[in-house]
Each structure stands twice: as structure tokens, then as C-alpha cells.
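Visitor: Before I ask anything, let me first share the structure, which is written out below as C-alpha cells.
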Amino acid sequence: YTKASKDGVKTLSSFIDVEKTAQLPHKEIETIWRLRHIRDPQSLCAVMQTDNYRRIANTARKHPQFILPIPREGQGAEIHFLQWTFPSPTTTTVLFTHVAEFKLRGEFAQPHTTVTHHLDLADSSGLVLMEGRVTEDRGLTVDEGKWLLMCLQKFYGFEAHTDMARANEGRRKRLMEQFSGGDETFKVEELLEEAEKIP
């Protein structure tokens, strides 16, 4: 496989043979993708339907920056800043940084987790392959990285099918709009409450 990268972001072809993989059934693609990342204990990977990804990406274009909490037993929550980038037509990247680090260093802050969505198979196979990594010794575990990704999906791509879920979706959307608009009524407590709800 080529080790090509665009703007420092690895392309899907640096992980798999895209042409051959595109011809495989979904289950096999998912298995190959997960096996490709199994040896790295710091890795995050997933396979999602193109429709789900597009819903998330549409929200990301409206709200390219947001914050997400990680609850801490007896200590409230630790807040993490997320930022979406769209480096090429076939990749999107999400950077997660501790809010304290971001406040201190601004655009020079080092993310603790980086996640890339590869869109090469989105049209041909209806799948988007996601891979990422939690950087060691940056104060975050892989399970906490997974929590942040789950929260990202709740806020950016959740599709409501019940009245209660629609109410939750409405509250999450309002929180994102308040944050993006710099609204003073945005409350971290509400953010934490929504993040901990299922779904």
C-alpha cells in the first residue's frame, strides 16, 4: 500500500487496497478494517453507513467546533474541545484537545485524540471507514476516547425515532447553536446532562 498522505493526513490507501476492498461485502470490509487496527492498543476504529456519516458531516459544517464532557466521579466533568477539519474531498478529521490546553495554547494546542473519516468507499460501498488514535501520556484513556466519539455521534448525528429521543435531539441541537453563536445562556451542566442520557 502506498504511504501517501494529503496535508499530513493518511489516505485510506495507506491502510488498505481501496480498489480490491470496494468489491467486498460490507461484513468483510468491516472485519478487514477492524483487524487492520487491532494491534495498536491506542487506536480507535469504526465502520459507519454513508447516510449516518453525511448527517454528522452536515452538522459539523454548521458547528465545526464544540465542547464535550467526560464525567469524573465526584469531580463534575472534564471538558474537551473538538474541531472538525475537511482536508480533502475524501477525508474529514476531528481533533480533540483538553479545554485547558486549548485556552493556554490556542491554535498551537496539541490534540490528545485525532480521528479521520475516510470517504473513498462512501459511494461505491455505502460505507465510511473511521480510524483514529488516542495519544499516550496525554491524560486520556482509549475508553475515554471512545466516550468522546459516542458523545460526538449523539450531538452531531443522532437520528430520533421516538418522542423522547426527539426532545433530547432538540436540546442537543439548541446547545450546539448556543455554543456556536456565543450565547451566554449556554450551560455546561446541560451539556453534561445531555451527554449522559441514553440516547
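The values are calculated or read from the model by the stated rules, or taken from the named source; none is laboratory data. From a predicted model like this one, the values you see are computed outputs, not experimental measurements. Note: ideal-geometry Cβ built from the backbone for every residue, glycine included; neighbour counts use all protein chains shown.
Visitor: Any residue that is modelled with pLDDT of 90 or more and more than 21 Å from PRO69 (Cβ to Cβ) - is there at least one of those in segment 167-180?
Guide: no
Here is a yes/no grid of residues against (1) on the phi > 0 side of the Ramachandran plot; (2) assigned to a loop (DSSP other than H, G, I, E, B); (3) of a type in the set (S, T, N, Q):
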| position | (1), (2), (3) |
| --- | --- |
| SER125 | no, yes, yes |
| MET130 | no, no, no |
| GLY145 | no, no, no |
| GLN153 | no, no, yes |
| GLY170 | no, no, no |
| SER180 | no, no, yes |
| LEU192 | no, no, no |
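Visitor: Right, next: Considering each of PHE102, PHE96 in turn, give the residue that is under 25 Å from GLY182 (Cα atoms), hydrophobic (A, V, I, L, M, F, W, C) and not in a helix (DSSP H, G or I).
Guide: PHE96
Visitor: Follow-up question, since we're still on this one. Condition test on THR135, is it in contact with a helix residue (DSSP H, G or I) (Cβ under 7 Å, 6 or more places away or on another chain) and of a type in the set (Ser, Thr, Tyr)?
Guide: Here the answer is no, as THR135 does not meet what is asked.
Visitor: Quick check on segment 169-193: of everything there that is more than 21 Å from ALA57 (Cβ to Cβ) and touching a residue at least 24 places away in the same chain (Cβ under 8 Å), which residue is surrounded by the most Cβ atoms within 10 Å (Cβ to Cβ)?
Guide: By that ranking, first place goes to LEU191.
Visitor: Looking only at segment 102-121, which residues are in contact (Cβ under 8 Å) with a residue 12 or more places away in the chain and over 17 Å from the mean Cα position of the chain (by Cα)?
Guide: Result: PHE102, ALA109, ASP120, LEU121.
Visitor: Oh, and also: Restricting the first residue to segment 58-75 and requiring it to be touching a residue at least 12 places away in the same chain (Cβ under 8 Å) and under 20 Å from LYS187 (Cα atoms), which pairs with a second residue that is part of a strand (DSSP E or B) and polar (S, T, N, Q) meet a Cβ separation below 9 Å and a spacing of at least six or different chains?
Guide: Here the result reads PRO64/GLN83; PRO64/THR85; GLN65/GLN83; PHE66/GLN83, each pair linking segment 58-75 to a residue that is part of a strand (DSSP E or B) and polar (S, T, N, Q).
Visitor: Quick check on my filter: what residues within segment 49-66 are assigned to a strand (DSSP E or B) and surrounded by fewer than 19 Cβ atoms within 10 Å (Cβ to Cβ)?
Guide: GLN49, GLN65
Visitor: Which of the numbered conditions does GLU159 fail, given that it passes all the others? Conditions: (1) in contact (Cβ under 8 Å) with a residue 60 or more places away in the chain; (2) surrounded by fewer than 19 Cβ atoms within 10 Å (Cβ to Cβ); (3) outside any helix (DSSP H, G or I); (4) touching a Pro at 6+ places or on another chain (Cβ under 9 Å).
Guide: That leaves (4) as the condition not met.
Visitor: Can you tell me which of (1) loosely packed, with under 15 Cβ neighbours inside 10 Å; (2) out of contact with any Cys (no Cβ under 7 Å at 6 or more places or on another chain) is the one ARG34 doesn't meet?
Guide: (2)
Visitor: For segment 35-48, which positions are closer than 13 Å to GLY132 by Cα and assigned to a helix (DSSP H, G or I)?
Guide: Correct list: ARG36, HIS37.
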